[in-house]
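These notes are about the structure you will find just below.
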Amino acid sequence: MPTAIAVTSPDLVLPPHDRQTPPAVVQPLDTLESSLLGMHALIEQHGYVISLSPASASDEVTQRLRTVRSVLESDRIALLGIDLPPLGVALLAQQLRQLSVCDFSPGVLASAARLLAHYIYAGALLGSVAKLDRIPVSLKSHAKSWVPGAQFAVLANPRPQLVRVGQEELVGPEFGTRLLTAAGQAPSDWVTETLAPAWRVQGVSNVPLPKESARWWGTGKLVEFAAGLYDVSVLYQLVSSVRREQCHWCGLELIGDRCGFCAAPLSPPSSSQPVPASSSAPSSRSVTRSSLSAPSSSSELPAPAARAASPVRALPPGAT
């Protein structure tokens, strides 16, 4: 069975792209007892669980997840706090669900969350930034938010940006993406009619607005959006292009500089150790999805992903 991907609320579960993409599960549940029973069943069925939660999640949610892992005394539960807006977390969970049926080990899949998050463009169209505290807001923007009819386009990831609609443009991805949009109390066509063409997205999907979004953005009058990679073969090659290491603490495979399960940092390489030989090209790895193979060359990847796939490499400390 593939590694289970869990999210903290049902509205973070996006529809699957195809029948092969497994569903996400919700953890924690309403009570500690039900959460314990549910998590234990997931471990028994799937072996490992990767739980994603927005960094804005309540203390009650995060504490219950930690309690569940502590009571079960399990090292097979990865608790990942994701510093993305709610719709961005939902998109990341969908990407991990797609990759969970490939030949990645649970450790690689968990540590890949940080890498994939770097390629998610998450933001919102807001009528006011008066209560927005997740990204820097100038006093001038605060003052303009009180003007009737004012609208602001805000990008939270990968680089914070705030512009006045009609005066400036948001910096978009340089690779092919699909756009998710979720409207709150103030629906607008700006995202689909202006932003989507400017970013040259390859499709737009409307989904329900997560309940956590109003608190994250400081207002219920918003249209949240998130754009990211959607082709599983591109996602696969992006992750497989990064050199794998072994966690010195729990022994799981990882990519990057930190284990997703035990959070132990990657040990610095010893100067006396020989440099390992380069592994085979990402496209040579098998994918366990039927009728699916990784792209034959990095030219099929989006620009940032192609740069990541060119040599097999290790991520520098602190980088995604």
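Annotations
- Complete set of residues in segment 26-83 that are under 22 Å from Ile120 (Cβ atoms) and among the charged types (D, E, K, R): Asp83
- Qualifying position, being among the polar types (S, T, N, Q), in contact with a Pro (Cβ under 8 Å, 6 or more places away or on another chain) and within 23 Å of Arg134 (Cβ to Cβ), among Ser9, Ser35, Ser51: Ser9
- Residues (free of Cβ contacts under 8 Å to residues at least 12 places away in the same chain and among the small types (Gly, Ala, Ser)) located in segment 20-53: Ser34, Ala41
- Qualifying helices (runs of 4 or more DSSP H) (wholly inside segment 132-227; at least 1 residues being open to solvent by less than 20 Å² (accessible area, probe 1.4 Å), touching a strand residue (DSSP E or B) at 6+ places or on another chain (Cβ under 9 Å) and modelled with pLDDT of 85 or more): 196-199, 212-217
- Among (1) touching a Ser or Thr at 6+ places or on another chain (Cβ under 8 Å); (2) closer than 26 Å to Trp217 by Cβ; (3) not aromatic (Phe, Trp, Tyr), the one test that Val49 misses: (2)
- All positions within segment 228-243 that are open to solvent by less than 10 Å² (accessible area, probe 1.4 Å) and either of a type in the set (Val, Ile, Thr) or in a helix (DSSP H, G or I) (or both): Leu235, Tyr236, Gln237, Leu238, Val239, Ser240, Val242
- Subset of segment 108-131 [under 13 Å from Ser51 (Cα atoms) and in contact with a strand residue (DSSP E or B) (Cβ under 6 Å, 6 or more places away or on another chain)]: Ala110, Ser111, Ala113
- Qualifying residue in segment 213-224 (condition: in contact with a Phe, Trp or Tyr (Cβ under 8 Å, 6 or more places away or on another chain) and in contact (Cβ under 8 Å) with a residue 24 or more places away in the chain): yes
The values are calculated or read from the model by the stated rules, or taken from the named source; none is laboratory data. These figures come from a predicted structure and were not determined experimentally. Heads up, the Cβs are rebuilt from the backbone with ideal geometry, glycines too, and the neighbour counts pull from every protein chain shown. The accessibility values were calculated without ligands, DNA or RNA, using every heavy atom of the protein model including side chains. Shrake-Rupley method; radii C 1.70, N 1.55, O 1.52, S 1.80 Å.
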